[in-house]
Amino acid sequence: MSFTRNRIRLPLELGAPVGKVTRDTAVLIDALTNGNPRITHGRALQVEVALFNNTVLDNLSGLTSLTLELKDATSGVIDTGSAKLSKTTSDFNAGLTADQWTNDSGSPSYHAVFTFLDTEIAAVSMTSAVANEKTFGLVITGLSAFGRVSCGSGLVTLVQDGGTGAGSGVAPVASYTLTDQEILAGLNAKLDKGENPDGVGFTLFDVGGSGKGIRFYVEVPAGATEPILRMTTVERA
């Protein structure tokens with residue numbers, strides 16, 4: 001099989017789809033690494049799965065489709081909200097053998113596969129990532145004649161590899177909505193450290209958010225020779 005996407009291979013035990021103990025983080029194990037799945041952010045991906053029923057390969061005759069969802073995971077707990085990534089397949093290889101799965105041989109060597117473009121993976125937000133890594137929840141469910149069933153649920157790690165392409169950082173394009181005159185007026189009215197142009201003052205607004213404030217400015221009254229500090233109340237429009 002020619003390499004076209006990054007791969008992870010997940011054996012799913014239908015007898016314990018959410019683990020054997022509370023917050024069992026080892027529910028999902030990548031058969032290629034024998035560790036928790038690690039997905040490269042912004043790279044083409046395929047997730048290959050095999051379903052086992054009490055350690056024996058299932059024939060999938062009771063399922064009409066499988067759905068994979070990638071979800072946020074807060075402090076190791078998978079969120080129940082909307083999925084960040086979702087894909088459904090009904091294309092099953094019901095004739096998969098244990099030898100094909102174990103040895104990654106045959107075409108195909110899995111029950112079902114979920115494929116993603118690099119741009120699809122890049123669309124998953126990595127905000128709050130630490131050291132270029134962020135934990136998500138991966139949930140796989142099936143649809144049977146009796147409704148939806150759990151096939152596997154656990155934690156995966158998305159990793160930014162530092163390369164270019166989809167998902168790499170792009171500098172935002174500046175967008176200006178002020179006219180030249182408005183920009184110059186703003187610069188002329190700003191308060192600088194040290195001396196400021198004539199007529200520049202400053203306004204302090206109510207911390208309670210009422211929109212009311214006091215404007216401070218300096219003025220030399222008519223007939224006077226010395227400046228005085230004045231203030232006047234103002235209110236945001």
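The values are calculated or read from the model by the stated rules, or taken from the named source; none is laboratory data. Keep in mind that this is a model prediction, so the values were computed, not measured. All Cβ positions, glycine included, derive from the backbone under ideal geometry; neighbour counts span all protein chains shown.
Of the residues that sit in region 79-113 and are of a type in the set (A, V, I, L, M, F, W, C) and more than 21 Å from Gln160 (Cβ to Cβ), which one is nearest to the chain's Cα centre (by Cα)? Going through the qualifying residues, I end up with Val113. Of everything in region 54-66 that is at pLDDT 95 or above and more than 16 Å from Ala145 (Cβ to Cβ), the residue that is nearest to the chain's Cα centre (by Cα) is Leu57. Residue selection: Leu68 satisfies the criterion of being closer than 24 Å to Gln160 by Cβ and not in a loop (DSSP other than H, G, I, E, B). Going residue by residue through region 102-116, is there one that turns out to be at pLDDT 95 or above and assigned to a helix (DSSP H, G or I)? Within region 102-116 (the criterion being at pLDDT 95 or above and assigned to a helix (DSSP H, G or I)), the answer is yes, since at least one residue qualifies. In region 71-92, the residues that are loosely packed, with under 13 Cβ neighbours inside 10 Å form Cβ pairs under 9 Å with partners that are of a type in the set (Lys, Arg) and part of a loop (DSSP other than H, G, I, E, B), at six or more places apart or across chains, as follows: Gly76/Arg23; Val77/Arg23.
Looking for whichever is in contact with a helix residue (DSSP H, G or I) (Cβ under 9 Å, 6 or more places away or on another chain), at pLDDT below 85 and not in a strand (DSSP E or B) here; the options are Gly199, Gly209, Gly186. Which one fits? One residue alone meets the criteria, Gly199.
Rundown of residues vs (1) in contact with a helix residue (DSSP H, G or I) (Cβ under 9 Å, 6 or more places away or on another chain); (2) under 11 Å from His41 (Cα atoms); (3) of a type in the set (Lys, Arg), yes/no style:
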{"site": "Ser82", "(1), (2), (3)": "no, no, no"}
{"site": "Asp99", "(1), (2), (3)": "no, no, no"}
{"site": "Gly106", "(1), (2), (3)": "yes, no, no"}
{"site": "Ser125", "(1), (2), (3)": "no, yes, no"}
{"site": "Ala129", "(1), (2), (3)": "no, no, no"}
{"site": "Glu133", "(1), (2), (3)": "no, yes, no"}
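Take the conditions free of Cβ contacts under 8 Å to residues at least 40 places away in the same chain and either over 16 Å from the mean Cα position of the chain (by Cα) or part of a strand (DSSP E or B) (or both) and apply them to Lys20. Does it pass? The answer is yes for Lys20. Only one of the numbered conditions (1) surrounded by 10 or more Cβ atoms within 10 Å (Cβ to Cβ); (2) at pLDDT 70 or above; (3) assigned to a loop (DSSP other than H, G, I, E, B) is violated by Gly167, and that is (2). Only one of the numbered conditions (1) in contact with a Gly (Cβ under 9 Å, 6 or more places away or on another chain); (2) outside any strand (DSSP E or B); (3) over 21 Å from Ala122 (Cβ atoms) is not met by Gly42, and that is (3). If I go through region 29-39 residue by residue, how many of them are under 18 Å from the mean Cα position of the chain (by Cα) and part of a strand (DSSP E or B)? Of the residues in region 29-39, 2 are under 18 Å from the mean Cα position of the chain (by Cα) and part of a strand (DSSP E or B). Modelled with pLDDT of 80 or more, over 40 Å from the mean Cα position of the chain (by Cα) and surrounded by 11 or more Cβ atoms within 10 Å (Cβ to Cβ): does that describe Ile214? Yes, satisfied.
Which one is farthest from the chain's Cα centre (by Cα), of the residues in region 223-237 that are within 16 Å of Gly199 (Cα to Cα) and among the aliphatic types (A, V, I, L, M)? Taking the candidates together, the pick is Ile228.
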